[in-house]
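Chemist: Quick one: the structure is below, and I'll ask about it shortly.
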Amino acid sequence: MIQTLSRAVCRIAGRTMDLLLRPLPPLVRIETTNACNSRCTICPPSRHAAADPADGRPPVHLHHRPVRRAGCREIHLHNFGEPLMDDRIAQRVRYAKQCGLPRVKIFSNGSLMDERWARELIDAGLDEIKISFDGATREEFEQIRAPLQFDRIIENIHRLVALRNQFAIPHEDSRGLLQHFGQAGNGSPAGGSCR
Ligand code: SF4
């Protein structure tokens, strides 16, 4: 009986140590909101019903510092939601950069990227953003990504690129931002992607 108990305790202690000592993966994804302003046909229907009360969102300082200490190099602040539905997303990006995360990235549907958001995210130090597109034509896009408007998103992307250029971000980690904004700024929807 004592032997069995002792073996069980050793096993639990061993597993706990294993978990504590195991390094985090180099990339961590944190969803700060599951709300979205779109109802795309390619999105899991269950997602459409997701509720996201503002007071349920994680605090800005969630996890970044321990994540960095554990060796993580890249953090994505999105999953199954539109990150710009989180009114604190720019603060989160800024905090992650202040914690020393080399690369901070979001995916977005681009529809809410007005001038205020563009300025705030660039200023916060966002390294990369991907704007999701589906469909090879305006009609296809608006069919799949209803109620998003193709022209509005293209306009938002152009403004973002212009502001990015105006800010002339000096640090090396801005290359991804430049690259992806540049691609999107050509006005040619490239590849379909969904978060
Ligand atoms: S695919 Fe993206 S933009 Fe469309 S409903 Fe889902 S989360 Fe929102």
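The values are calculated or read from the model by the stated rules, or taken from the named source; none is laboratory data. The structure presented is a predicted model; accordingly, all values stated were derived computationally and were not measured. Remember, those area values only see protein heavy atoms, side chains included, never the ligands or the DNA or RNA. Shrake-Rupley method; radii C 1.70, N 1.55, O 1.52, S 1.80 Å.
Chemist: Gain in length, GLN143 to LEU27, computed as 0.36 nm per residue apart minus the alpha-carbon separation, to one decimal in nm?
Modeler: 38.4 nm
Chemist: Right, another one. Residue-wise, which Karplus ³J(HN,Hα) couplings in Hz belong to the range 116-129, taking 6.51 cos²θ - 1.76 cosθ + 1.60, θ = phi - 60°, and x for glycine or proline?
Modeler: With coefficients 6.51, -1.76 and 1.60, one gets 4, 5, 4, 4, 5, 6, 5, 5, 6, x, 4, 8, 7, 9 Hz.
Chemist: OK, next. Which value, in Å² and to the nearest 10, is the accessible area of ASP127 when all protein chains are kept and the probe is 1.4 Å?
Modeler: Solvent-accessible area, nearest 10 Å²: 0 Å².
Chemist: Collect residues whose amide H, placed 1.01 Å from N in the peptide plane, falls under 5 Å from the amide H of ARG29; neighbours closer than 5 in sequence don't count.
Modeler: Amide H neighbours of ARG29, under 5 Å, 5+ apart: HIS76.
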